[in-house]
Amino acid sequence: MATPAALCWRRGSVLNRQLLHASIKTRPSRCIVDSLSIIWTRQNSITTRQPKTTSLRSYTPQNLHLTRHTSTITTTPSQDTSNSLPEYHPPTTGLLSYLPPSWVPYAELIRLDKPTGTYYLFFPCLFSTLLAATFPTPLTPPTTILTTTALFFTGALVMRGAGCTINDLWDRNLDPHVARTRLRPIARRAISPQSAIVFTGGQLLAGLAVLLSLPFECFWYATPSLLFVATYPLAKRVTNYPQFVLGLTFSWGAIMGFPALGVDLLSNQAALTAAACLYASNVAWTVLYDMIYAHMDIKDDAKAGIKSIALKHEKETKAVLTGLAAVQIGLLAASGVVAGLGPVFFVGSCGGAAVTLATMIYRVQLKSVADCWWWFKNGAWFTGGAIAMGLAGEYVAQWMGWYEGEEKTDEKGQEKVKEVEGSA
């Protein structure tokens, strides 16, 4: 075992060794105390020395910054972005907190705690139901409108959940790399892909049950939409405009209200044209609000290789949004003209949509994730609510006979024209 003198000899400087030889000859007992003091002092200086030199083998280029100073390389670990992101915690508030723990991942998978997507899927169904209700003579009874609307909302809830599950299955290898989606159930492996596929089958069967509760003609009109539901997640990999495919999917309800109320689109040319204009209007609306939504993930999408209209037109986003709003309102007005709607619709629906969209486009801060989410979430009620209120008001106006005076005036005018032509 090394003696204090030997330790001093190895660790000390030349001066320390000279002093040690002198002290051994004169005061041997004092040497032990001095030696231990020297050892403690040097060890303490070694542990507190700055900057700390570290072997580069224990670090990777991703987690350190290298600064070179003559013959010394100091290492400063950078902040690990994965460590700065929050970990998953089971919900403690809201609807999900009351569910059994084994149900929570599936409720999160269908976004039960985030119903905004369900509202966006439901509104086109509501629009087409209110518009189609004005075609029959006499008008569709209010009770029929209410029951049909309730079925559409149930179907929107179920099919939106199925769409989310299919989307997460497609994106199970991409979601872990995006901050907003990394804690989704499949991405964090709370649900296996096999279990998610079985769950999707159950949701599709539930959606089929709702569909069969409507007139059977709806089955033939609804079936083609499943193609868009399944292919939308793939569109994010092959095109810069996956929002257009999403629009084709989410807007399908703009057609479904007509067969649900017994209006035959194949034999009624006016109804078919009105439905086509309403559908196209909703496609433009979907692209508009989802472009704002895509700005929340624009940085992560670029890193993960996910394509979107927000990335393609990042520098001219508000100009694109303005163009989409103009297209949406123009097509919405066209559907009203073809359907022969009155001023309540054009002021309430078209005017309301114009005001709410203009306000959103002007005020939304595209660089702020929180602001984009706020406008996406509330825009469903601002714009969708305005259009629905205008259509509902138009239905009430026709149901109450507010336009009968104008119709009688037009009929009298036509009779006078016929009389003049007959006398001539």
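The values are calculated or read from the model by the stated rules, or taken from the named source; none is laboratory data. None of the values given here were measured: they were computed from a predicted structure. Glycine gets a Cβ as well: all are built from the backbone with ideal geometry, and neighbour counts include every protein chain shown.
Quick rundown of the values:
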| read-out | value |
| --- | --- |
| Residue among Val158, Val198, Val210, Val178 that alone is under 20 Å from the mean Cα position of the chain (by Cα) and modelled with pLDDT of 95 or more | Val158 |
| Members of segment 96-111 that are over 16 Å from Cys164 (Cβ atoms) and not aromatic (Phe, Trp, Tyr) | Ser97, Leu99, Pro100, Pro101, Ser102 |
| Exclusive hit being under 22 Å from Pro115 (Cβ atoms), crowded, with 21+ Cβ neighbours inside 10 Å and within 22 Å of the chain's Cα centre (by Cα), set Leu204, Leu126 | Leu126 |
| Meets criteria (more than 23 Å from Trp399 (Cα to Cα) and either β-branched (Val, Ile, Thr) or in the same structural domain as Ser213 (by TED's automatic domain parsing) (or both)) for Leu157 | yes |
| Qualifying residue in segment 313-336 (condition: of a type in the set (Val, Ile, Thr), over 27 Å from Met400 (Cα atoms) and in a loop (DSSP other than H, G, I, E, B)) | no |
| Residue within segment 298-314 that is modelled with pLDDT of 90 or more, among the β-branched types (Val, Ile, Thr), out of contact with any strand residue (DSSP E or B) (no Cβ under 6 Å at 6 or more places or on another chain) and more than 21 Å from Thr140 (Cα to Cα) present | yes |
| All positions within segment 179-194 that are under 16 Å from Asn167 (Cβ atoms) and assigned to a helix (DSSP H, G or I) | Pro193 |
| Candidate set from segment 250-259 (those that are among the aromatic types (Phe, Trp, Tyr) and part of a helix (DSSP H, G or I)); member that is nearest to Ala310 (Cα to Cα) | Phe250 |
| Close pairs (7 angstrom Cβ cut-off, 6 or more residues apart or separate chains): in the same structural domain as Phe244 (by TED's automatic domain parsing) in segment 311-326, among the charged types (D, E, K, R) and assigned to a helix (DSSP H, G or I) anywhere | Leu311/Asp301 |
| Some residue of segment 233-249 being over 22 Å from Lys312 (Cα atoms), of a type in the set (A, V, I, L, M) and assigned to a helix (DSSP H, G or I) | no |
